[in-house]
Amino acid sequence: MSIAAKRALFAIAFVASLGVSNSTHAQEKTVKIYGFGAKSGVVGIFGQQSEAAMQAAAAIINKSGGVTLGDGSKARLVIDYLDDRCTAEEGINALRRIASQNDAFVAIGPTCSNVAEPVFGILQKKTGDASDSGIQFPLYTDVAAKGGLASISQWAFRNVPSEANMYKAIFEWIKATKPELKTFWGGVEKDFAHSNATFGVIKAQAGSNGLQVLGQSEWLLNDTNFSTQVREMRRANADVVAISAHPFTTCGVLKEMARQNVRPKLLVGLTSSSSMETLQGCAAQAEGLIIPTSFAPVTDQAKQAAVAVQAINPKYNMDLHNAAAFENVFTLKELIEKNKIMARPDSIQADRVKMRDALAAMKETQGLLGKVGRTDDREAIKPYLFVQAKSGNWVVAHTPKQ
């Protein structure tokens, strides 16, 4: 039997077991964890997959008996996920809507950095500041990866990898293992906050590690024609080309590079493109693309989590984004129990403060690839590796010392 067939059978068995478990462990009480992110639009797949990962984690928790609340009672974990369409206004509206609920004490999200930044901006900046009327509600972000965002508010927490660390490591590795590569050209999705900010990191690390930066091409998230940008790339004829873009425009650029016969010696991609969406969209053109990522199915826990997500919906896959959402649900379950969250309308304000303080006190959490450290400014220090597109799959190219 093939690996794919075995996984499909496992997924079927998993779903069947959930039905048995839910009837066996049926509880009158529920405790709700809210999520919000982009479920529609160009990057809608990211929010859809985060929701599926949260549901998969909740299903596993419920199968094991649910969550123990502060009064000792058991509750079934329920996920409620809102679509912010990757727009700042919708994200702010989603947070306000969640914060107005009398059963909401924490939320996971959002997907997009251009949403996270203004959303974090309407939170209270510093806890206990009576002069600050910002919303007092803890957010635990799973996807939005632009550097430094958690510093905006003491109510903001993130479980995203440090792209500064990852791209520093990958360009040091390129310098050490491929000294024949001398020149660099970049391509960037200029209007997307994550792509643009990370390109600054990529470009700086390329230069710091001895590559001559020849220039860059720019495009927008909704662009579909990249002929001008690739002509610029072709004229530069750089050894290394880095594409700081999400799967949709990454594939558009790679296909145009193939059409114009642009073949750099090494391709480097954005973390967000280390996903099945890239391989489903342009596996042949992505061959050899190398990307740092904080998720790959290389541990038993990671493999089981990937299967659990597909049990929710076979069209979804696990990547570095929804792996964080999956991890977050288990972390929150632990904090609910450890800090005696009551999850009642009359306790909800106190529960929010308890959860914020519990998230702030975390020094380490358990991730799918190993231990995840925490920084003083509420960011994560996640284990990572480099993956490379080969024959329609992501394979581990290198695991750096960390």
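The values are calculated or read from the model by the stated rules, or taken from the named source; none is laboratory data. Worth saying up front: this structure is predicted, and the values here are computed from it rather than measured. FYI the Cβ positions are ideal-geometry reconstructions off the backbone, even for glycines, and counts take in every protein chain you see.
Points to keep in mind about this one:
- Residues that are surrounded by fewer than 21 Cβ atoms within 10 Å (Cβ to Cβ) and either closer than 14 Å to Ser153 by Cβ or small (Gly, Ala, Ser) (or both), drawn from segment 81-103: Ala88, Ile92, Ala99, Ser100
- Of the criteria (1) farther than 23 Å from Leu332 by Cα; (2) in a loop (DSSP other than H, G, I, E, B), which one Asn165 fails: (2)
- Given (1) part of a loop (DSSP other than H, G, I, E, B); (2) touching a helix residue (DSSP H, G or I) at 6+ places or on another chain (Cβ under 8 Å); (3) modelled with pLDDT of 95 or more, index of the condition Phe120 fails: (1)
- When restricted to residues that are surrounded by 18 or more Cβ atoms within 10 Å (Cβ to Cβ), under 22 Å from Tyr167 (Cβ atoms) and small (Gly, Ala, Ser), segment 237-292 contains 10.
- Residue-level analysis places Ala358 outside the set of residues that are assigned to a strand (DSSP E or B) and either without any contact (Cβ under 8 Å) to a residue 24 or more places away in the chain or within 26 Å of Lys168 (Cα to Cα) (or both).
- Here Pro314 meets the list (1) at pLDDT below 95; (2) farther than 28 Å from Phe171 by Cβ almost entirely, failing just condition (1).
- Condition met for Ser151 (at pLDDT 95 or above, surrounded by fewer than 17 Cβ atoms within 10 Å (Cβ to Cβ) and either outside any helix (DSSP H, G or I) or under 22 Å from the mean Cα position of the chain (by Cα) (or both)): yes
- Hey, Gly41 buried (at least 24 other Cβ atoms within 10 Å of the Cβ), farther than 26 Å from Met342 by Cβ and either touching a residue at least 24 places away in the same chain (Cβ under 8 Å) or not small (Gly, Ala, Ser) (or both) or not: no
- So Thr299, is it of a type outside the set (Gly, Ala, Ser), closer than 14 Å to Trp394 by Cα and modelled with pLDDT of 95 or more: no
- Entirely in segment 192-308, the strands (runs of 3 or more DSSP E) that have 3 or more residues that are on the phi > 0 side of the Ramachandran plot and within 27 Å of the chain's Cα centre (by Cα): none
- From Ala323, Ala302, residue being within 27 Å of Ser153 (Cβ to Cβ), in the same structural domain as Gly72 (by TED's automatic domain parsing) and surrounded by 14 or more Cβ atoms within 10 Å (Cβ to Cβ): Ala323
- For segment 217-274, a residue qualifies if it is small (Gly, Ala, Ser) and under 29 Å from Tyr384 (Cα atoms), and the qualifying residues are Ser217, Ala238, Ala242, Ser244, Ala245, Gly252, Gly269, Ser272, Ser273, Ser274.
- Segment 126-141: number of residues that are among the hydrophobic types (A, V, I, L, M, F, W, C) and out of contact with any Lys or Arg (no Cβ under 8 Å at 6 or more places or on another chain): 2
- When residues of segment 368-396 are limited to those that are touching a residue at least 60 places away in the same chain (Cβ under 8 Å) and of a type in the set (Gly, Ala, Ser), the one surrounded by the most Cβ atoms within 10 Å (Cβ to Cβ): Ala389
- The set of residues in segment 371-402 being more than 17 Å from Ala323 (Cα to Cα) and of a type in the set (Asp, Glu) consists of Asp376, Asp377.
To keep it simple, each residue is scored yes or no on (1) surrounded by fewer than 17 Cβ atoms within 10 Å (Cβ to Cβ); (2) touching a Lys or Arg at 6+ places or on another chain (Cβ under 7 Å); (3) touching a residue at least 24 places away in the same chain (Cβ under 8 Å).
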{"residue": "Val143", "(1), (2), (3)": "no, no, yes"}
{"residue": "Asn159", "(1), (2), (3)": "no, no, yes"}
{"residue": "Phe199", "(1), (2), (3)": "no, no, yes"}
{"residue": "Gly210", "(1), (2), (3)": "yes, yes, yes"}
{"residue": "Asp223", "(1), (2), (3)": "no, no, yes"}
{"residue": "Arg235", "(1), (2), (3)": "yes, no, no"}
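- Selection from segment 309-355 of residues that are within 16 Å of Gly35 (Cα to Cα) and within 14 Å of the chain's Cα centre (by Cα): His321, Asn322, Ala323, Ala324, Ala325, Phe326, Glu327, Asn328, Val329
- Scoring Glu90 on the criteria (1) closer than 19 Å to Pro138 by Cα; (2) touching a Leu at 6+ places or on another chain (Cβ under 6 Å) leaves a single failure, condition (2).
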